[in-house]
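The values are calculated or read from the model by the stated rules, or taken from the named source; none is laboratory data. None of the values given here were measured: they were computed from a predicted structure. With ideal geometry, Cβ positions are generated from the backbone for all residues, glycine too; neighbour counts draw on all protein chains shown.
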Amino acid sequence: MDDVYAYVDGPLGRMLLVGRVGEDGRTALASLSLPGQKGAVAVRDGWRLAPEAFTEIAAQLGEYFAGRRERFDVAVAHSGTDFQRRVWEALEEIPYGTTVTYGDIARKVGSSGAGVRAVGTAIGRNPLLVVRPCHRVIGADGALRGYAAGLERKESLLALEGAA
């Protein structure tokens, strides 16, 4: 597999997109990072700059930030543990413009009680910010909690969607 990357400018800053090119020549999105993000991916030796590989996701991001797209339709490179993948799948089911709590996600994946902390950790390791909408998860008290790219960006995304 060939790792490729590109930068896309948007209202949250210059986003780094990383993808994996499969044997069929298609690129699956592996990571979307924002500037200053906690745990952000950095370009590695051997990766190839290939903006053309991200034309479709760049267009979809533009539509999203313009308020004309509610869901993303892109191939995703699978990663993470089984538990993380279950949590991330639950994130993808949160409707545009709505919020759920960490406890809601924990119950959905069968990890309520003390598992809420594990859910929060899994959400914090989501490699696909914006595309996989972890920004739609809030605290049980309605407060914005934890966003790897900063709470001001989480608030901005929720406001864009009309959920703030």
Test result for Arg107, assigned to a helix (DSSP H, G or I), surrounded by 14 or more Cβ atoms within 10 Å (Cβ to Cβ), free of Cβ contacts under 8 Å to residues at least 40 places away in the same chain and touching a His at 6+ places or on another chain (Cβ under 8 Å): no
Filtered residues of the stretch 112-164 (kept if of a type in the set (Ser, Thr, Tyr) and either exposed (fewer than 14 other Cβ atoms within 10 Å of the Cβ) or under 16 Å from Thr98 (Cβ atoms) (or both)): Thr121
Criterion: of a type in the set (A, V, I, L, M, F, W, C), surrounded by 14 or more Cβ atoms within 10 Å (Cβ to Cβ), part of a loop (DSSP other than H, G, I, E, B) and under 13 Å from the mean Cα position of the chain (by Cα) - qualifying residue of Val74, Val18, Val87: Val74
Test: Ala6 is surrounded by 15 or more Cβ atoms within 10 Å (Cβ to Cβ) and not in a strand (DSSP E or B): no
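Return yes when Leu32 is in contact (Cβ under 8 Å) with a residue 40 or more places away in the chain and touching a helix residue (DSSP H, G or I) at 6+ places or on another chain (Cβ under 9 Å) and no when it is not.
yes
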Restricting the stretch 98-154 to residues that are under 20 Å from Phe83 (Cα atoms) and among the polar types (S, T, N, Q), the residue that is modelled with the lowest pLDDT: Ser112
Qualifying residues in the stretch 36-53 (those that are closer than 15 Å to Pro127 by Cα and without any contact (Cβ under 8 Å) to a residue 60 or more places away in the chain) - the one surrounded by the fewest Cβ atoms within 10 Å (Cβ to Cβ): Ala42
